[in-house]
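The values are calculated or read from the model by the stated rules, or taken from the named source; none is laboratory data. Remember, predicted model here, so these are calculated numbers, not experimental data. Please note: Cβ atoms are built from the backbone with ideal geometry, for glycine as well, and neighbour counts cover all protein chains shown. With ligands, DNA and RNA removed, areas are computed over all heavy atoms of the protein, side chains included. Shrake-Rupley method; radii C 1.70, N 1.55, O 1.52, S 1.80 Å.
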Amino acid sequence: MSAPHAHLPDPALAASLRPAWRPRLARSSPLPRPARGNVARPRLVHALLDDTQALAALVAPAGYGKSTLLAQWRDHDPRPFAWVGVTPALDDPRRLLEAVAGALCELWPLPAEAAAPEAGPDAVLRALGAQRPVVLVLDDLHLLRSRAAGAVVARLALGMPPGSTLAVGSRREPALPLGRLRAQDDVVELRAGALALTRGEASQLLLHAGLRLSADQAARLVALADGWPAALHLAIRALREQPDAAAAAADFAGDDAIVADFVLDEALAGLDDEDRGFLRRTAVLDPLRDDACDAVLATGDAGATLRRLARAGVPLQPLDRAQTVFRLHRLVAQALRGELRATEARLAPELHGRASAWHEREGELEGAVEHALAARDTDRVAALLGAHAPALVGSGRAAIVDGWLGRVGEPAAVERPTLALTAALVRVAAGERDAAECWLDHARHGALPVVGAGLSALRAALFRDGAETMAADASRAFALAGGAGPWAALACLLEGSAHALADRPDEARERLAAGARLAVLDLPLVRSLCLAQLAFLALCDGDDEESAAVAGQARAAVDRGGDGVVTLAALTYAVHALVLARRGGLDAARADIVEAKARLAALPDAAPWYGALARVALARAELQLSDAAEARRLLGEASRLLRRCGGAVGLKGWIDEGWGRADDYAAGPVACPSALTRAELRVLRLLPSHLTLPEIAARLHVSTNTIKTQAHAVYRKLDAGSRTEAVAHARAIGLVEAEFARSG
């Protein structure tokens, strides 16, 4: 665009000015001032202070502060503003031009040809070109509906003289040649995304309002308003009317009467009953996908309706470039749902039911359950969780499932075996064995095959009667599940674990590998734990390359599962830490050790074999990192857990091997000036117990004299004068874990 001309009127045109010729219709609207309490928006004003743009288009739904921003712009721009507040009466080319001429006459007299009733847009543009640059504002442009009036505005936009700008504020997409102006770089556009309040601006508005809210309460209101200025203003007004604003802020939503009135009367103004009904009924969805809306409404043209409504100024934000997915502003959606409950209460459960069925067909289980809960269809919730809870929990969404169970309520869950089984699964995943056992008792009266498979799998997971019973329960669960599906994958994990605990490595590898295959698509936790144990078995066989490859896959499965998986993946972190430490990745190993310990601490009563095996792997990793004292502490904890693991001879072997490695480490020169022999270390580990020296001799299958000799050697090397003092010195340097030793 050419450079702005000098701010001097044309002399010939100035001589023809006749101030008496003014439009006879309504003069321009008073220039609005920003409402009290509005925040300054310099970032947006700066974008508008560009006198090379022929058009400034502010297009957003009601309440986005378009008029306020135009007023702020006027206060910072040296050019004069001619302001026309559009009304339906101006939806006529002649009347619209007379209003424009009237606004310009507020700045200077117009020549006869521009001020005459029959003047066209070109005459107005010529008059503008003869004056210094100006900003011509057409606010509420959406009230113009006729093509003829739209053509006038389009002509003005294309013909603005250099240095002047046509500014329009509209709730709907204006009928302007935006494509042409964009190609010429002759337009600045501010839409809802740009006009939305930033968090800082919203926080400033709350601060100016004087509401005494906590940081969390203020953050909730800001998030709920989602940048919509009117919504935040309405929230402030609503809370000011409450005796306890802080308490009211916690429950504030779009169905508050003040917000609902604005949404239904302003944000959706101009919509006919059919469009209002469309929005009211589809508001049960979030987001609004065209095919989901079709399923809920049993129609086939929802996509076209959504696109038309978005262009008409409804607060619908497209989420994809093809405009097949939209999101209603949260407060608008809440207001519409409130209207649905008030006007079509009986229809709401049916709509949610259709939405639940659609989400299930699409494989979106969370959406299917959420809508079933909204429909208060507990039997459908039970059916969905009975079929899919293992997959949900196995992919790290146990907390979500637990929340659903809380919304169903304990009485309803007790009455439905599939819900009781789901509750047991969640408690197992949380490491709460006693609570899981209680829920299994409620589930036992169910006769469905899925309940039987789940009962057997979870009995195996609880490990109440030793490794052999665990293997048998897991095998039964696999058979009842038909060898496929999430229960079958979990059964393979548990059966393989039982075989490993019972020192049957070949059978363990076969079942763990099968579990990893069954879990590859949608059970990252199960796959991760299968692979972690395969990596540990490979380490036990001395195959470092295989263990590294498989442990890496186990760790990747945890990462794929997201945050919900990591609490249950302590074993994966522990084995991966051991592999990293053996391969020299010391810093990465330390990081995984920290993660593994944090996850173990979050499992209050996990199956004892699981906690013991994780601690064995961690102890070996700590030895690789030269922390013998921490390794002994972990082995002591593993040894205590071993007492609750009947038949776990393989686990006992790993623990004994761990103690042997710790003893070898302690026998080295890093332990103390006079290194203890392995025989002396074995005696030392039993000294904190209640056993007498002859009883220790019997335990270790040597003579009492030998034990006495070794004990005195321990006292001398630890510079101790008694058994108690020797134990204290040993504990101080990490050579003994007293609580373990007392347990024998």
Residues being open to solvent by 70 Å² or more (accessible area, probe 1.4 Å) and either closer than 26 Å to ARG633 by Cβ or among the charged types (D, E, K, R) (or both) - total across segment 673-709
7
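Residue-wise test of (1) more than 20 Å from the chain's Cα centre (by Cα); (2) hydrophobic (A, V, I, L, M, F, W, C); (3) modelled with pLDDT of 95 or more.
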position	(1), (2), (3)
ALA355	yes, yes, yes
GLU360	yes, no, no
GLY386	yes, no, no
ALA391	no, yes, no
GLY394	no, no, no
ALA399	no, yes, no
GLU410	yes, no, no
(1) part of a helix (DSSP H, G or I); (2) within 23 Å of the chain's Cα centre (by Cα) all hold for PHE326 apart from (1)
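Residues are listed down the side, and each one gets a yes or a no for (1) of a type in the set (A, V, I, L, M); (2) part of a helix (DSSP H, G or I); (3) open to solvent by 50 Å² or more (accessible area, probe 1.4 Å); (4) modelled with pLDDT under 95:
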| site | (1), (2), (3), (4) |
| --- | --- |
| ARG427 | no, yes, no, yes |
| ASP434 | no, yes, yes, yes |
| CYS438 | no, yes, yes, yes |
| ASP441 | no, yes, yes, yes |
| ALA447 | yes, no, yes, yes |
| GLY452 | no, yes, no, yes |
| ALA467 | yes, yes, no, yes |
| ALA484 | yes, no, yes, yes |
| CYS492 | no, yes, no, no |
Regarding segment 499-515, can at least one residue be identified that is in a loop (DSSP other than H, G, I, E, B), open to solvent by less than 50 Å² (accessible area, probe 1.4 Å) and free of Cβ contacts under 8 Å to residues at least 40 places away in the same chain?
no
Evaluate segment 560-577: report whether one residue or more is open to solvent by 10 Å² or more (accessible area, probe 1.4 Å), within 23 Å of ARG504 (Cα to Cα) and not charged (D, E, K, R).
yes
Name the pairs: first residue in segment 708-728 and under 19 Å from ASP663 (Cα atoms) and part of a helix (DSSP H, G or I), second residue of a type in the set (Val, Ile, Thr) and open to solvent by less than 20 Å² (accessible area, probe 1.4 Å), Cβ to Cβ under 9 Å, at least 6 apart or on different chains?
GLN710/VAL683; ALA711/VAL683; ALA711/ILE696; ALA713/VAL683; VAL714/VAL683; ALA726/VAL714; VAL727/VAL736
Residues of segment 249-280 being part of a helix (DSSP H, G or I) and closer than 12 Å to ALA333 by Cβ, which ones?
VAL259, ALA260, VAL263, ALA267, LEU279, ARG280
Which of the residues that make up segment 587-622 are surrounded by 17 or more Cβ atoms within 10 Å (Cβ to Cβ) and of a type in the set (Asp, Glu)?
ASP592, GLU595, GLU622
Residues of segment 517-531 being assigned to a helix (DSSP H, G or I) and crowded, with 24+ Cβ neighbours inside 10 Å, which ones?
LEU518, PRO524, LEU525, VAL526, ARG527, SER528, LEU529, CYS530, LEU531
Among the residues of segment 283-290, is any open to solvent by 30 Å² or more (accessible area, probe 1.4 Å), among the acidic types (Asp, Glu), assigned to a helix (DSSP H, G or I) and within 25 Å of ALA372 (Cα to Cα)?
yes
Does at least one position in segment 97-106 carry a residue that is part of a helix (DSSP H, G or I) and surrounded by fewer than 18 Cβ atoms within 10 Å (Cβ to Cβ)?
no
Where a residue in segment 136-155 is over 21 Å from GLY270 (Cβ atoms) and its partner, wherever it lies, is open to solvent by 20 Å² or more (accessible area, probe 1.4 Å) and in a loop (DSSP other than H, G, I, E, B), with Cβ under 7 Å and at least six apart
ALA154/ALA175; ALA154/LEU176; ALA154/PRO177
Can we say LEU651 is open to solvent by less than 30 Å² (accessible area, probe 1.4 Å) and outside any helix (DSSP H, G or I)?
no
Can you report the number of residues in segment 710-731 which are basic (Lys, Arg), open to solvent by 80 Å² or more (accessible area, probe 1.4 Å) and within 15 Å of PRO688 (Cα to Cα)?
1
Conditions (1) closer than 28 Å to ALA720 by Cα; (2) open to solvent by 30 Å² or more (accessible area, probe 1.4 Å); (3) at pLDDT below 90; (4) not hydroxyl-bearing (Ser, Thr, Tyr): number failed by ALA628:
(2)
Counting only residues that are touching a strand residue (DSSP E or B) at 6+ places or on another chain (Cβ under 6 Å) and among the aliphatic types (A, V, I, L, M), segment 186-233 contains a total of 3
Selected residue (criterion: modelled with the lowest pLDDT) from residues of segment 21-48 that are closer than 17 Å to ARG191 by Cα and crowded, with 16+ Cβ neighbours inside 10 Å
ARG41
